[in-house]
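Below is one structure; the comments refer to it alone.
The values are calculated or read from the model by the stated rules, or taken from the named source; none is laboratory data. For clarity, every value in this text was computed on a predicted model and none was experimentally measured. Every residue, glycine as well, gets a Cβ built from its backbone with ideal geometry; the counts of neighbours run over all protein chains shown. When the accessible area is computed, the model is the full protein with side chains, heavy atoms only, and any ligands, DNA or RNA have been set aside. Shrake-Rupley method; radii C 1.70, N 1.55, O 1.52, S 1.80 Å.
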Amino acid sequence: MIQIAVFGSVHKANQKELLAPLFDKFNRPDVTLYIEKDFASALSESGSLPHSYNVLDLRLLPKMNFAISLGGDGTFLRTAHCIGISETPVLGINMGRLGFLTELDSSDLSPLDKLFSGKYTVEERTKLQIFADEKLLGEVLNEVAILKRETGSIIQVKTFLGEDYLADYDCDGLIISTPTGSTAYSLSINGPIMMPDSPSVIINPIAPHTLNMRPLVISDKQIIRLEVESRNNTFLTVLDGETLPLDCSTPVKIQLSPNRVRVVKLGNRSWPEMLRRKLMWGASVR
């Protein structure tokens with residue numbers, strides 16, 4: 001029996017014309033379908049629930065063969081967070097706008113049949129672990145951002161690579177990005193794009209106070225240590241969109257996680273093709 005968990009954006013639950021063909025694909029005798037509780041509730045309100053399903057309680061997460069993310073990149077990140085360290089392979093189906101992390105568009109679900117015939121591959125993506133005063137805050141697939149809380153002043157982020165001092169970043173914030181996250185927040189402030197399997201991490205300052213602060217690519221084996229100074233003695237730590245306030249007396253440590261996010265690839269799109277199609281890589285805009 002193939003066990004499939006579906007996660008989705010509650011804002012997409014009313015798109016019955018897109019959801020019905022998807023749930024029809026899973027209406028098979030060899031499939032047990034689970035739908036995450038909040039998404040199932042939203043589907044129920046919109047009348048979009050499939051005929052046969054089980055409600056998935058994340059507190060009692062059973063072993064799954066696949067996790068399906070319905071939405072955009074934000075939903076994909078939330079799905080990866082929900083499955084935690086189980087390393088259940090995740091397939092992203094785009095129901096949003098860009099959907100750079102997703103494999104399929106909801107307008108063409110025919111490649112889904114490859115899940116049941118075994119004609120798919122799994123790509124592993126690295127994650128980062130974030131510690132505050134040696135206590136694990138969480139893990140990220142895209143990035144961790146250190147941000148100021150006040151609008152009128154900058155923060156200073158004293159940065160070490162291992163025990164070696166790197167620099168004091170006087171800036172609005174600092175982004176530590178994985179290769180997967182290189183096409184997200186870091187890219188919006190002119191960070192480099194990296195192939196997903198690159199063994200690297202990007203350190204990218206947000207609005208640095210000096211012109212000689214630029215994005216820096218380092219080995220993902222490095223342990224990054226941060227000490228923050230701010231006028232109000234607090235700062236924000238944002239883990240893939242989840243915001244946590246911290247006191248400046250709290251040192252932050254970032255390192256490569258031993259866990260991975262396993263992404264289902266159905267073979268219909270290569271990463272270079274995704275660059276060209278979704279980011280218009282190399283396209284003439286004249």
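Numbers at a glance
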| item | result |
| --- | --- |
| For residue 263, solvent-accessible area (1.4 Å; no DNA, RNA or ligand), Å² | 10 Å² |
| Cβ-defined net charge surrounding residue 225, 14 Å radius [Lys, Arg +1; Asp, Glu -1] | -4 |
| Long pairs among 25/127; 63/265; 16/278; 114/221, criterion Cα-Cα beyond 28 Å | 25/127; 114/221 |
| Set of lysines near residue 148 by C-alpha distance (under 23 Å), chain-local residues within fewer than 8 positions excluded | 135, 158, 253 |
| Rounded FRET efficiency, nearest 0.05, which uses the C-beta distance separating residue 110 from residue 218 and R0 of 41 Å | 0.50 |
| Distance histogram for region 73-150 (every C-alpha pair counted, 10 angstrom bins, percent rounded to whole numbers) | 15, 40, 30, 12, 4, 0 |
| Estimated 222 nm signal from helices in the chain, with DSSP H stretches of n ≥ 4 weighted -39500 (n - 2.57), rounded to 500 | -4500 deg cm²/dmol |
| Two-decimal Rg to Rh for region 151-286 - Kirkwood Rh, Cα set | 1.01 |
| Highest-fluctuation residue, 241, 47, 118 considered, GNM on the chain with Cα pairs under 10 Å | 118 |
| Computed over region 1-82, Kirkwood Rh from alpha-carbon pairs, angstrom | 12.7 Å |
| Average accessible area per residue (Å²) across region 128-258 - probe 1.4 Å, nucleic acids and ligands excluded | 46 Å² |
| Residue 100 long-range amide H proximity, modeled H, under 5 Å | 73 |
| Under-5 Å amide H pairs with residue 170, H placed in peptide plane, nonlocal only | 157, 209 |
| Order of exposure, largest accessible area first, which applies to 195, 213 with probe 1.4 Å | 195, 213 |
| The chain - percent of accessible surface contributed by carbon and sulfur, probe 1.4 Å | 50 percent |
| Estimated vicinal HN-Hα couplings, Hz - region 121-132 in sequence order (Karplus 6.51, -1.76, 1.60; Gly, Pro = x) | 10, 10, 9, 8, 10, 6, 10, 10, 9, 10, 10, 10 |
| Coarse-grained scattering of region 1-160 at q = 0.12, 0.15 Å⁻¹, given as base-10 log I(q)/I(0) from a Debye sum over alpha-carbon atoms | -0.58, -0.84 |
| Solvent-accessible surface (1.4 angstrom probe) belonging to residue 78, in square angstrom, nearest 10 | 90 Å² |
| Å² of accessible area per residue within region 2-125, as computed with a 1.4 Å probe and no ligands counted | 48 Å² |
| Rounded to the nearest 10 Å², the accessible area of residue 2 at probe 1.4 Å | 30 Å² |
| Hz values of 3J(HN,Hα) by residue in region 51-67 - Karplus curve (6.51, -1.76, 1.60), Gly and Pro given as x | 5, 10, 6, 10, 7, 9, 9, 5, 6, 10, 5, x, 6, 10, 7, 9, 10 |
| Largest-first ordering by accessible area, 1.4 Å probe, given options 214, 125, 277 | 214, 277, 125 |
| 133, 108, reordered so the largest accessible area comes first (probe 1.4 Å) | 133, 108 |
| Placed amide H near residue 220: partners under 5 Å, 5+ positions off or other chain | 200, 201 |
| Average projection area in nm² (convex hull over Cα atoms of the chain, one quarter of hull surface) | 17.0 nm² |
